[in-house]
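Heads up: the structure comes next, in structure tokens.
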């Protein structure tokens, strides 16, 4: 038996647009993000989700609520899919951090698997909690289709886990706002990746591949 998993990133927020690090800061969707979530929900209307799990942060919950609109299922907040804690980086722009933490920013951009900031979470810590929960949900939902609504960093890590790639490949995968990824899971073969960063329901193709990875 197979489990189908739809991994979905939340819609746009003000901080996405302004290149501000979000992490655990509870930033809601902006007007465009709400529209993206509504469009994504409509696009997925014919997919029969037995359960929809989401990060407890507002931007993920709002996106999950749009996906659950007119469905019998309701979003189930799950702490394991919370965003990476960026600690002191949260609320600061990429430009500000380049001045405040020049060496750490270079590590984050070039060697993300080595990134460490006191008071924050590492990629390996986030990957461990999120991937364990994804596998558990895949196993208990065999024969069903589920959705997980989470964040850019977490979804990248879940895809790396499914592909058996290390955290050093973090920047090899892009996750745009309200993108859709599709995985299949079997108790015999584990995860198979079907689709990555599907956004054609939101943008025309020429625009979709020019988005910033933020």
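A short reminder: the numbers here are calculations on the coordinates, not readings from a lab. Since we're looking at a predicted model, the values are computed, not measured.
Tabulated data
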read-out	value
Fraction in percent of alpha-carbon pairs per bin - 5 Å, the stretch 1-121	2, 11, 18, 19, 16, 13, 10, 7, 3, 1, 0
Dimensionless Rg ratio for the chain, taking C-alpha atoms and the 2.2 N^0.38 Å reference	0.97
Residue-span extension gain [residue 72 to residue 94] - 0.36 nm each, minus C-alpha spacing	3.9 nm
Length added when fully stretched, residue 47-residue 111, from 0.36 nm per residue minus Cα-Cα	19.3 nm
Centre separation in Å (Cα based) which lies between the stretch 14-60 and the stretch 151-182	16 Å
The chain: angle of helix 31-43 to the longest principal axis, Cα-based, in degrees nearest 10	30 degrees
